[in-house]
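> Mind looking over this structure? Questions follow.
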Amino acid sequence: MAASAAASLTGASASDLLRSSTSGFSGVPLRTLGRARLALKTRDFAVSCKLRKVKKHEYPWPDNPDPNVKGGVLSHLSPFKPLKEKPKPVTLEFEKPLLDLQKKIIDVRKMANETGLDFSDQILLLESKYQQALKDLYTHLTPIQRVNIARHPNRPTFLDHIFNITEKFVELHGDREGYDDPAIVTGIGTIDGRRYMFIGHQKGRNTKENIQRNFGMPTPHGYRKALRLMEYADHHGFPIVTFIDTPGAYADLKSEELGQGEAIAHNLRSMFGLKVPVLSIVIGEGGSGGALAIACANKLLMLENAVFYVASPEACAAILWKSAKAAPKAAEKLKITATELCKLEIADGVIPEPLGGAHADSAWTSQQIKNAINESMDELSKLSTEELLKHRHDKFRKIGGFQEGIPIDPKRKFSMKKKDIPIPKKISDAEIEAEIQKLKQQILEAKGSSPEPPKHDLGDMIKKLKREVDHEYFEAVKAMGLTDRFSKLREEVTKANSRNQSIDPSLKDKIEKLEAEFDQGLPAAPNYDKLQKKLGMLKELSEVKHLSETNEEAVRLKQKMQTVLDDVLNSPRIKEKYETLKGEIESIGASSPSDLDDAEIEAEIQKLKQQILEAKGSSPEPPKHDLADMIKKLKREVDHEYFEAVKAMGLADRFSKLREEVTKANSRNQSIDPSLKDKIEKLEAEFDQGLPAAPNYDKLQKKLGMLKELSEVKHLSETNEEVVRLKQEMQTVLDDVLNSPRIKEKYETLKGEIESIGASSPSDLDDELKKKIIEFREEVGLQVANDLKTAGIDLTPLRAKPRENSDESSLSEYESKVEELKKDIEKEIEYSVNSSDIKSKIEALNLEVAKAADTPDVDSKNRIAALVQQIKQSLVETLDSSSLKDKYENLVSKVSSENGSLKKADPTGESPNNDDLKVEVATNHTFS
């Protein structure tokens, strides 16, 4: 039997043996076989096997996935999870001075907790000092300090920002050639509903992740993966956003064998052909071609403390200065910060960071990145495909642009090597003078032969003269022994400007002192005369050039305006209006523009008069017409006629000079000089005397008459409108008073009493009822007067009419004496006005009013008011000092003595009292 079993095993395979039911192995589990050695011994065959334990694969999908997780349920597939432990704080070398303040704040808080005392003021003071120190430190960072911040271990990575700014994000893997580089992460995400393709360098957040991500240094597989996803986005029309944060491409032997350079070059070429918007953001450090391979974008933005360089500062220092310790100097010379790259137009914008760097508040930094993406994509999405490609092409073509054959800026010469400074050819003074004389001759000849300004190449001559003037200044500085001081000061200013710092006050003082010393010693320089001569020639040529350019611009504008005018005049609508106007002019037989204007004005005035007459006939109220415009027109016409008369009389120059003298005196707030007043009076008298002989005198008188007539009409219209308005207001007040409950109640009571006694006339009323009616009338009158006063309407006291009784002779005598006193007052006022003092004040007032015209300013109003007050005061003083005061007092006493008899004769008290007399005497005498 054993022999038969051995025979059956001979020539059979191991799998057949394991499956055999007769071999004794049927039903034996493989797990059991793995724990024990299996041996089959025959004469010529043996089988043995062992199962090895392997590490369990860490699958990222959790047992109970949350479907509402931020980023969607597929985000569970991402191996990028929040860190279980908070990263340790890292203090950079230049931040160490802040540690002392932090330690003090911690100690004070600990003391407050232990003792229970209130140290809130001390803590607030220390915190404010800390914040101020932090602000001062981070607003004056050097380039090498920004490099250190960009390399900070706790700085937010690409995926940190992605999960902060996207609503959904799905990572895509592989280059479809069998590799997936973890140093470059790609995926599709959405921001505010927009779908984007995100590509970026990914560094680690700790040592383990850094090793896994190869410290953010991609291999060729990473760049090929990035290119594959770019082409995918281009095919489906997704905008592309790339995040740059790498020291550079991985430069090991294997990467070079797999074609690192070819992969980068392929990306550079392909990105310029993408037909979708591409935006690149430098969030950390962007090193060399490894960063540029995903940065050929329409726009390049940088975080405030990010850097973008061809070679790291340490590598540059090792090459140029043979020591990595020169890295700070190299970082300054390389111009690798965001602000410097924006000046060089390599970067297109700077995204702000919080104080302390992006790691101080990563969520706020991510929000700023999100805002920048939205703004940039809004701008780029408006461009067509051709415009996008041209925009990307032009952005990189203008980098490093230069021009040959142009002179070097003198401000940059001092920082160049001597062999690079172009040495200008020395021109003798005689040659310069000869060229300038030749140029002047050409300009004079061109002026005589052509009305247009001649075109000469003044630019070259002005440049030559500027170089000569600079040379003379340099020679003067050398002769005064100030060369070294100027050089040192220039270096200090250049250093301050390179750091974007404001110039220090001490440096400003040095500059001002050196400038003052130079200006003081310049006249003693040996070449001072030559310098002044060349400066004069330079000024003269500059004025000629400016005049030439101004004339050319004037000719060009004149031609352009003529072209536009011709186009307008040749339009059908304008031609039709022109023919209509031409017919109207011929119909009125106008021979000159002045006739045309007069005819037009007369026609408008006749039309206005007709409207006023029609309105008066149809309505009792005054008509409202736009008289103001017509009066303004007439005033302008009258002013024009006066001006023409002055010209015809040859007084224009004298009027202009006199006006300038008056304006000058008014500008200084001075009273007009008596000699100037005499000049004004003489010129005014001469003008009045010669005016009737002016050729346009009749037209002037005619227009003055029309102006006077229209002004009276306007005044009458305004007066009627005011009367109607006051009448309406008074009627409204009266209605309100009569409709008040108290007055209504009294009225109904009186009405009932009158009806109860059956009175049909005032004589039927008894004395008591008459008294009630009089009291009711007085109450209503008093209420109406109070309401009118509240409404701003003052009632003027009126003199009562004299009663026709036996005292009529006394009243007539009183009236005659009042009239006599009025005449005496008028004569005294006229005499006072003609006196030298008041007359000069009135003339000054007339001048101020004429100067102010229709739009007086505040100063003019104040001067006019002051002159009016002075005139009033002078008149009052004159009247008080005259004999009129005695006449007035006698008249008042006489009226008072007769008042008693008048009251006896007239119990109603309607005789004139002292107040009535004052009103009567002062009527129509206003000194304003």
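The values are calculated or read from the model by the stated rules, or taken from the named source; none is laboratory data. All figures in this text were calculated on a predicted structure; none of them were measured in a lab. Virtual Cβ from ideal backbone geometry, glycine too; neighbours counted across all protein chains shown. Side chains included, ligands, DNA and RNA excluded: accessible areas come from the protein's heavy atoms. Shrake-Rupley method; radii C 1.70, N 1.55, O 1.52, S 1.80 Å.
> Would you confirm whether or not region 347-369 contains a residue that is open to solvent by 40 Å² or more (accessible area, probe 1.4 Å) and within 28 Å of LEU268 (Cβ to Cβ)?
For region 347-369, residues open to solvent by 40 Å² or more (accessible area, probe 1.4 Å) and within 28 Å of LEU268 (Cβ to Cβ): present.
> For region 195-264, please list each of the helices (runs of 4 or more DSSP H) lying entirely inside it that holds at least 1 residues being among the aromatic types (Phe, Trp, Tyr) and in the same structural domain as ARG176 (by the TED database).
Counting at least 1 such residues, we get 220-236.
> While we're on this one: Is it the case, given these coordinates, that ASN305 is open to solvent by less than 20 Å² (accessible area, probe 1.4 Å), polar (S, T, N, Q) and within 27 Å of LYS382 (Cβ to Cβ)?
No: the conditions fail for ASN305.
> Which of the residues belonging to region 177-203 are under 47 Å from the mean Cα position of the chain (by Cα) and open to solvent by 10 Å² or more (accessible area, probe 1.4 Å)? Let's see the steps before the verdict.
Initial filter on region 177-203 (under 47 Å from the mean Cα position of the chain (by Cα)): 183-203.
ILE188, THR190, ASP192, GLY193, ARG194, ARG195, LYS203, listed by residue number.
> Also, I was wondering about something else. Show the residue pairs that are 6+ apart or on different chains and have beta-carbon atoms under 8 Å apart, the first residue being within region 726-754 and closer than 14 Å to VAL780 by Cβ, the second being acidic (Asp, Glu).
VAL733/ASP787; ASP736/ASP787; VAL737/ASP787; ILE743/GLU779; LYS746/GLU779
> Do you know which of the residues in region 321-345 that are among the acidic types (Asp, Glu) and surrounded by 16 or more Cβ atoms within 10 Å (Cβ to Cβ) is farthest from the chain's Cα centre (by Cα)?
Taking the candidates together, the pick is GLU332.
> While we're on this one: In region 852-886, which residues are part of a helix (DSSP H, G or I), modelled with pLDDT under 70 and among the charged types (D, E, K, R)?
Residues satisfying the conditions are ASP880, LYS885, ASP886.
To keep it simple, each residue is scored yes or no on (1) closer than 14 Å to GLU686 by Cβ; (2) surrounded by 16 or more Cβ atoms within 10 Å (Cβ to Cβ).
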site: VAL638; (1), (2): no, yes
site: GLU641; (1), (2): no, yes
site: ALA645; (1), (2): yes, yes
site: MET649; (1), (2): yes, yes
site: ASP653; (1), (2): yes, no
site: ARG659; (1), (2): no, no
site: ALA665; (1), (2): no, no
site: ASP673; (1), (2): no, no
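> Here is a further query. Determine whether region 649-664 contains at least one residue that is within 20 Å of LYS839 (Cβ to Cβ), in contact (Cβ under 8 Å) with a residue 40 or more places away in the chain and part of a helix (DSSP H, G or I).
There is at least one residue in region 649-664 that is within 20 Å of LYS839 (Cβ to Cβ), in contact (Cβ under 8 Å) with a residue 40 or more places away in the chain and part of a helix (DSSP H, G or I).
Here's the yes/no breakdown for (1) part of a helix (DSSP H, G or I); (2) closer than 23 Å to LYS632 by Cβ; (3) not charged (D, E, K, R):
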site	(1), (2), (3)
GLU644	yes, yes, no
ILE672	no, no, yes
ASP678	yes, no, no
LYS708	yes, yes, no
GLU712	yes, yes, no
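> Here is a check on your reading of the model: is GLU515 closer than 30 Å to LYS329 by Cβ, open to solvent by 80 Å² or more (accessible area, probe 1.4 Å) and in a helix (DSSP H, G or I)?
For GLU515, the condition - closer than 30 Å to LYS329 by Cβ, open to solvent by 80 Å² or more (accessible area, probe 1.4 Å) and in a helix (DSSP H, G or I) - is not met.
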